[in-house]
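Structure, as structure tokens:
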Amino acid sequence: MTHGYPAGTGTGPEPAPSYPSYSADGFPQQRAQEPPEAATATAPATAAPTAPAAPAKPGRDRYLDLLRSLALVRVVVYHLFGWAWLTVLFPSMGVMFALAGSLMARSLKRPALSVIRGRVRRLLPPMWLFGVVVLAMMFAGGWNPLDDPDHGGTWGVIELFNYIVPIGAPPFPWHVGSKSGLLEDTWAVQAAGVLWYLRAYLWFVLASPLLLWLFRRAPWPTLLAPLGLTAIVGTGLVTIPGETGNAVSDFAVYGGCWVLGFAHHEGLLKRIPRYISVSCSALIMAFGLWWASNHLGPDGWDLNDIPLAQATWSFGFVVILLQYSPSWQELPGALKKWDKLVTLSNNRAVTIYLWHNLLIMATVPIIDRAYELPFMQSERAMSALDSTYMIWMFVLVWPLIGLMVAAAGWVEDLAAKRKPRLWPNGVRKTGRRSGSGARHA
């Protein structure tokens with residue numbers, strides 16, 4: 001027997017701030033200035049020259065790394081359990097686009113063409129490996145894009161190019177294989193459906209030089225324009241058919257979060273009094289919930305089905321997260337025990353995201369073998385396994401993700417022109433920490 005489950009549709013370093021010292025009355029202390037002659041009189045006759053202090057080497061912002069790790073975990077849990085309220089509790093995709101936007105703004109201190117080329121180079125090889133495996137499985141299951149009525153015959157073959165460069169939506173069959181096979185016959189939809197994120201990411205990368213230029217000249221219109229665009233294309237006011245419409249909608253829904261990454265890097269959010277930004281964000285989020293309450297989709301409060309609610313809720317949520325950003329150079333307190341996993345997940349974020357849905361489905365045939373065990377033949381034992389099936393899927397998917405990180409994650413290193421690493425959790429072979437994670441320029 002098989003069990004179905006719902007299908008789902010790098011940050012840079014910051015210098016440590018320099019704070020003034022304060023007196024007991026709460027005002028900044030200023031060092032008393034001596035007259036020039038007094039300073040001369042008190043100065044040593046022969047002062048030994050001192051070498052200038054070397055500037056501190058900036059490290060990764062571990063707060064932002066932690067947010068990315070939480071976002072990845074939330075994505076896996078959502079695609080496993082399908083809980084709509086998770087999209088409200090933590091809008092992962094908005095957070096991930098904001099963090100990527102902040103990193104992109106930092107990288108664009110270099111020539112734009114070289115930055116875009118580097119980002120595309122890092123994105124494509126992990127996707128190619130994923131595409132080769134998934135397409136091989138589709139073809140082995142009997143799918144022929146020439147005969148697929150949903151992809152227009154020859155045009156469907158041309159669309160296979162999107163598995164090489166995701167400028168559009170890659171084709172996949174809605175049903176492939178047999179319902180009695182190891183995987184559900186809808187596995188291709190659930191496995192390849194995650195590629196929309198790579199398409200949106202690629203378009204944001206290509207548009208970033210222009211977006212950053214506009215942001216620096218007109219920050220507020222650039223920041224709020226995606227919300228206005230979502231109100232047009234995400235509410236049915238203007239309808240763009242097909243995958244073009246989906247691409248424009250994704251760009252609009254998450255464009256505000258991407259530009260918020262610019263605002264974070266440029267320091268715009270820090271210049272706004274916290275009570276103002278939080279209050280305005282709360283109003284925007286309240287509007288998003290109000291809009292969602294009147295436009296509930298087939299899965300209720302799943303914001304993925306309600307573009308304007310997704311855009312406004314994610315926007316306000318990200319503003320608050322970035323406004324309170326503590327810029328940790330290392331994880332504090334009890335969070336330190338998660339340091340290795342945070343570093344690993346950030347170094348293998350693309351691998352985890354690409355493969356997690358397919359690995360969730362792979363847990364089903366593994367768990368189904370348990371029904372064949374001798375001590376599972378009683379009705380009580382089978383009932384117990386039935387009632388805890390999803391929990392076992394949750395438990396099993398993480399070691400499978402770990403195996404995939406070890407088996408395929410090294411491609412991310414090759415794409416970044418680094419020496420391949422099996423398990424990059426920030427610990428050297430000697431046991432010393434190698435830093436708080438690899439840089440993603």
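Which shape class applies to the range 205-317: rounded if a/c is under 1.5, otherwise prolate when a/b exceeds b/c and oblate if not, where a ≥ b ≥ c are the square roots of the Cα gyration tensor eigenvalues?
Since a/c reaches 1.5 but b/c is at least a/b, the shape of the range 205-317 is classed as oblate.
Pop the C-beta distance of Ser178 and Ile272 into the FRET formula with R0 = 60 Å and round what comes out to the nearest 0.05.
Calculated value: 0.60.
Run the paramagnetic zone check for Thr244: 7 angstrom along Cα to Cβ, then residues of the range 149-183 with backbone nitrogen under 15 Å.
168-169
Mind listing the long-range amide H neighbours of Gly297? Cut-off is under 5 Å, sequence gap 5 or more, other chains count too, H placed in the peptide plane at 1.01 Å from N.
HN-HN under 5 Å from Gly297: Asp302.
Go through 406-418, 285-297 and give me the packing order, highest mean Cβ count within 10 Å leading.
Going from most to least packed, we get 406-418, 285-297.
Under a point spin-label approximation (7 Å from Cα along Cα-to-Cβ), what is the Leu70-Glu379 distance to one decimal in nm?
4.7 nm
Can you give the accessible area per residue of the range 108-207, in Å², using a 1.4 Å probe? Don't skip to the end; give the middle numbers.
Details: 4660 Å² over 100 residues.
In whole numbers, the range 108-207 has 47 Å² accessible per residue.
Please state the shape class of the range 273-406: rounded when a/c is under 1.5, otherwise prolate if a/b exceeds b/c and oblate if not, all from the C-alpha gyration tensor.
It is oblate, given that a/c is not under 1.5 and a/b is not larger than b/c.
How long, wide and thick is the range 82-222, going by the Cα atoms along their three principal axes, in whole angstroms, largest first?
56, 37, 24
For a paramagnetic label modelled at 7 Å from the Cα of Asp147 toward its Cβ, which residues of the range 166-200 fall within the zone defined by backbone nitrogen distances under 17 Å?
Label zone hits: 172-179.
Under the Karplus relation 6.51 cos²θ - 1.76 cosθ + 1.60, θ = phi - 60°, what is the ordered set of whole-Hz ³J(HN,Hα) values for the range 224-238, x standing for Gly and Pro?
Values per residue, Gly and Pro as x: 9, 4, x, 5, x, 5, 5, 5, 8, 9, x, 10, x, 4, 10 Hz.
May I ask you to list the trypsin sites (Lys or Arg not before Pro) in the range 68-124 that are in a DSSP loop and have at most 15 other Cβ atoms within 10 Å of their Cβ?
When the trypsin sites (Lys or Arg not before Pro) of the range 68-124 are filtered for loop state and at most 15 Cβ neighbours within 10 Å, Lys109 remain.
Using a 7 Å offset from the Cα along the Cα-to-Cβ direction at both Trp85 and Ala207, what is the distance between the two label points in nm, to one decimal?
Reported label-point gap for Trp85 and Ala207 is 3.4 nm.
Pull up all non-local amide H partners of Val427: gap of 5 or more, or a different chain, and H-to-H distance under 5 Å with H placed in the peptide plane.
Residues meeting the criterion, in which the H sits 1.01 Å from N, are Ser434.
Compute the length gained on full extension between Ile391 and Ile320: take 0.36 nm times their separation in residues and subtract their Cα-Cα distance, giving the result in nm to one decimal.
Result for the pair: 22.3 nm of gain on full extension.
State the answer as a single residue: which of Leu341, Phe375, Tyr389 lies farthest towards the positive end of the charge dipole of the range 318-399, with beta carbon charges of +1 for Lys and Arg and -1 for Asp and Glu, about the Cα centre.
Positive-most Cα among the choices belongs to Leu341.
Going down the list Lys109/Lys336; Lys270/Lys417; Lys109/Lys337; Lys270/Lys419; Lys340/Lys417, which pairs span over 30 Å between their C-alpha atoms? Kindly include the intermediate steps, with their values, before the conclusion.
On the way: Lys109/Lys336 32 Å; Lys270/Lys417 35 Å; Lys109/Lys337 34 Å; Lys270/Lys419 37 Å; Lys340/Lys417 22 Å.
Distance filter (> 30 Å) returns Lys109/Lys336; Lys270/Lys417; Lys109/Lys337; Lys270/Lys419.
The values are calculated or read from the model by the stated rules, or taken from the named source; none is laboratory data. Owing to the predicted nature of the structure, the values given are computational and were not obtained by experimental measurement. All Cβ positions, even for glycine, are placed from backbone atoms using ideal geometry, and neighbour counts span all protein chains on display. Areas reflect the complete protein model, heavy atoms only, side chains present, ligands, DNA and RNA absent. Shrake-Rupley method; radii C 1.70, N 1.55, O 1.52, S 1.80 Å.
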